[in-house]
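Comments concern the structure below.
FYI, it's all coordinate maths here, none of it is from the lab. It should be emphasised that the depicted structure is a prediction, and the values quoted were computed from it without experimental measurement. Cβ placement follows ideal geometry from the backbone for every residue including glycine, while neighbour counts extend to all protein chains displayed.
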Protein chains: 2
Amino acid sequence: MALIVQKYGGSSVGSIERIRNVARRVAYHARQGNRLVVVLSAMSGETNRLLGLARELSSHPDPRELDVVASTGEQVTIGLLSIALQEMGLKAKSFTGGQVWIHTDDAYTKARILGIDCSNIDRELSKGVIVVVAGFQGMDKNGNITTLGRGGSDTSAVALAAALKADECQIYTDVDGVYTTDPRIVSEARRLDTVTFEEMLEMASLGSKVLQIRSVEFAGKYKVKLRVLSSLDDPESNAPGTLITYEENQVMEDPIISGIAYARDEAKVSIMGVEDRPGIAHALLGPVADANIDVDMIVQNIGESGHTDFSFTVNNTELDKALAVLNREHDAGKFKARAILGDKNICKVSLVGIGMRTHAGIASKMFRTLAAEGINILMISTSEIKISVVIEEKYLELAVRILHKAFDLDKAA
Amino acid sequence: MALIVQKYGGSSVGSIERIRNVARRVAYHARQGNRLVVVLSAMSGETNRLLGLARELSSHPDPRELDVVASTGEQVTIGLLSIALQEMGLKAKSFTGGQVWIHTDDAYTKARILGIDCSNIDRELSKGVIVVVAGFQGMDKNGNITTLGRGGSDTSAVALAAALKADECQIYTDVDGVYTTDPRIVSEARRLDTVTFEEMLEMASLGSKVLQIRSVEFAGKYKVKLRVLSSLDDPESNAPGTLITYEENQVMEDPIISGIAYARDEAKVSIMGVEDRPGIAHALLGPVADANIDVDMIVQNIGESGHTDFSFTVNNTELDKALAVLNREHDAGKFKARAILGDKNICKVSLVGIGMRTHAGIASKMFRTLAAEGINILMISTSEIKISVVIEEKYLELAVRILHKAFDLDKAA
């Protein structure tokens, strides 16, 4: 009797009829003899609606209170799904993040999971109850409600799968697996049967909306068997989706480039003409990190006459905050610079694939392909298994399409 | 430095602009030097919307899951008000029923408060923080979310005032006090400066929407100084509203009839031709009580030849459930009856006043007034301070108007 954790996103529970569909799928798996823990997001649009109410009251609402408000979205869906399952004659019971207890730190709106007390879940599972858990949320040690940040429901699901030692963690989305790139941009995009953990990690971090990066990190750390599936398929079709693998030998047979990811919600911060001295990176990025702003790509351009241009990317929504921090530090004399600039009209496009570093010519082919279409590269960042470029946002779809074609991703490996 | 508990209902927090208005009022009282605990309902319409979603999934949704869903409405408003107060430069912090901890039994959808742990609130108040608490909800001893039933936010507020030994509990509504009857039906209705606890209790139990009966009971038990005020008045107007009094000598100066209450959401159950034997009332009402259905008026008509007609009223929404219970018991041979009937098209109209029993002629004047307009009385019930009649619902407004006039309630005492 397998123990399966299933996670359904906002669009899968976006209406009463869709919640009924999720219930049918859960019921199908339950009747196959599986024990089930189901993790849910809020109904699509609900979290934005709730945060919008808060933002009408304040341009900088208190994060603790934001979490109190935002966490209600998932609380509604878990109650509704439990009712739908009961209506089908199944035993089901809902739990909020605090009731489970998904124990987090107190970094409101982006809390980290510290541990999960599985005793409530184990007890219910042993009674044959389907356990329905609110994703995205937890509780700190003082009983305050916390949320894990956007997409945190994936992380909730994987963390529960790890804590419960589940046989599989199934992430249901509106696509039927992981693709070579976004099929809405490139119609020839192909579904991958498997993708390595490392590739998935890069794809997630690079903006693929299929899985949230923290959930992939969590899965890798605990070797959770993670599968991406469509919540729109017929449950009985047994569509395989995409399995995230950890086996090295399987990696060797994979194509070199497995996909193209992109992120539209990035913004670039440039500190121009900053003095090039030891510790300057820390002087610039330390206060940004202290303000709890996640920094993504970091590039320090070659400087002249003791000065350098320093750029990094942050999430769109945090650009103003990052600029304010830097201006404050600058005005306090912590560093000298000619200008501090922000740019929201950028995006990031990345090639992802195992063994990329050992295959010379991939980076140059990428740059050549972009140049041939007149797309200027603003920043470059590379790692073992990806090459990312920052370009003007208006070129995003074009860049993805031409790279997908240039690297033959439309052809089966 | 007074400690005041304020409660705002759903229409007072029904929009972002109204939440800002509540924040302004709270801020005014805080700046007068008061310590404040604010209890909130959900935004008007929200609880119905949430329960409606659940009812789309099931005609008899699990009460535990209903509470999980319904309790989110208040959780949203407490977060939003806290943000609005912070935006005005005040310290504020929200607490759910479970976080406070408002400890209830596990009678989901109609839980009773067992106790309140005030330590969290006391700590925040001592730091000068305005404490914002979700009304209507609590937590049972196993950590399950419970709700107190409709109007339960009043009860939350009074219970908190009692537990905290607050100097005053202020209930803000969309009317500026307690009236001799509903001003929407009788334009001459007058606001009462004071009303005795006993009268308020009757008015609440008889359908006056101003205060929920349980909150009045609670207030009486702990002698909470309770005041009904309008949330629409200018905060600085210091409008007095209506104070609920406990002093006996003040009672003596009150007019005999202080008001007319009505309830539209009643339904009548009649068990016709039931055998008239000892224990029959228990045989009929015991299973109804066991099904957690509140019974209001109970009338056993005079029977003939060993049979009797037995009638009682329940809330509209529980009529089907009550009929199902009675039919089940009947079919199981627990009692014999000629027919079991339900009628939703009824209402209850009540005269309320201290000393009514000692003033002969009031009941007969009431019956005569109704008869003169051709209104048939279906049931009668009396107590120390009220006379209630059940009539056809279509006569409700007419009955209230003619009784208000007949007892000179439009004239100051």
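Counting only DSSP beta bridges with both residues in region B:1-153, tell me the antiparallel percent, nearest 5.
30 percent
Using a Gaussian network model on chain B with a 10 Å cutoff between Cα atoms, which of B:267, B:291, B:219 fluctuates the most?
Ranking B:267, B:291, B:219 by mean-square fluctuation puts B:291 first.
Would you mind counting up the charge near residue B:128? Only other residues with Cβ under 15 Å from its Cβ, with Lys and Arg at +1 and Asp and Glu at -1.
Net local charge, residue B:128 excluded: +4.
Calculate the mean, over all residues of peptide B:92-100, of how many other protein chain Cβ atoms lie within 10 angstrom of the residue's Cβ.
So the per-residue partner count for this stretch is 4.
Which of the aspartates and glutamates could be linked to residue B:91 by a straight reach, that is with a Cα gap under 18 Å, when you skip same-chain ones fewer than 8 residues away?
Correct list for residue B:91: A:62, A:65, A:67, B:122, B:124.
For region B:285-350: lysine pairs with Cα atoms under 22 Å, gap of 8 or more or different chains, count?
Value for region B:285-350: 4.
Which values, in whole Å and largest first, are the semi-axes of the equivalent ellipsoid of the protein assembly as shown obtained as the square root of 5 times each eigenvalue of the Cα gyration tensor?
Semi-axes from the Cα gyration tensor: 61, 34, 20 Å.
Using a 10 Å cut-off on Cβ to Cβ distances, tally the other chain neighbours for every residue of A:63-76 and report the average as a whole number.
Per residue, the average neighbour count from other chains is 6.
Residues of A:47-55, mean number of Cβ from any other protein chain within 10 Å of their own Cβ, rounded to a whole number?
For this peptide, the per-residue mean of nearby foreign Cβ atoms is 3.
Note down the net charge around residue B:272, summing +1 for each Lys or Arg and -1 for each Asp or Glu among other residues with Cβ under 10 Å from its Cβ.
Combined, the nearby Lys, Arg, Asp and Glu give 0.
Placing a label point 7 Å from Cα toward Cβ, how far apart in nm is residue A:127 from its equivalents in the other copies, listed shortest first to one decimal?
3.7
Summing Lys, Arg as +1 and Asp, Glu as -1, what charge do residues with Cβ under 10 Å from the Cβ of residue A:294 carry, residue A:294 excluded?
Net charge in that neighbourhood comes out at -1.
If amide H atoms are built 1.01 Å from N in the plane of the peptide, which residues on other chains or at least 5 residues away come under 5 Å of the amide H of residue B:273?
Distant-sequence amide H within range of residue B:273: B:308, B:309, B:310, B:338.
With θ taken as phi - 60° and the coefficients 6.51, -1.76 and 1.60, list the Karplus ³J(HN,Hα) couplings across region A:174-188 in order, rounded to whole Hz; mark glycine and proline as x.
Using θ = phi - 60°, the values come out as 8, 10, 9, x, 8, 10, 4, 6, 5, x, 6, 9, 10, 5, 7 Hz.
Less than 16 Å apart at the alpha-carbon level, and either on another chain or at least 8 residues along: which aspartates and glutamates does that give for residue B:221?
B:154, B:167, B:168, B:198, B:199, B:202, B:247, B:248
Roughly what % of DSSP beta bridges within the protein assembly as shown run antiparallel, to the nearest 5?
65 percent
Under the definition of Cα pairs under 8 Å and six or more residues apart, what whole-number percent is the relative contact order of region B:87-224?
Dividing the mean separation by the residue count of region B:87-224 yields 21 percent.
Can you sort A:15, B:11, B:119 by how many other beta carbons sit within 10 Å, fewest first?
Fewest-to-most ranking of A:15, B:11, B:119: B:119, A:15, B:11.
For chain A, set up a Gaussian network in which alpha carbons nearer than 10 Å are linked by springs, and say which option among A:174, A:182, A:294 fluctuates the most.
Among A:174, A:182, A:294, the largest mean-square fluctuation in the Gaussian network model of chain A belongs to A:294.
With the label 7 angstrom out along Cα to Cβ, how close does residue B:225 come to the same site in each of the other copies, in nm, nearest first?
Computed spacing set for this position: 6.8 nm.
Indicate, rounded to the nearest 5 percent, the antiparallel portion of the DSSP beta bridges found entirely in chain B.
Once the DSSP bridges in chain B are tallied, antiparallel ones form about 65 percent.
Determine the relative contact order of chain A: mean sequence separation of Cα pairs under 8 Å and six or more apart, normalised by residue count, in whole percent.
Once normalised by length, the contact order is 14 percent.
Run down the lysines and flag those whose C-alpha is under 22 Å from the C-alpha of residue B:411, throwing out any fewer than 8 positions away in its chain.
Within reach: B:365, B:386.
Closest beta-carbon to the B-to-A rotation axis: which chain B residue owns it, and what is the separation in whole Å?
Minimum Cβ distance to the axis, with residue: B:72, 2.
In deg cm²/dmol, rounded to 500, what helix-only [θ] at 222 nm does chain B give when every DSSP H run of at least 4 residues adds -39500 (n - 2.57) and the total is split over its residues?
For chain B, the value works out to -10500 deg cm²/dmol.
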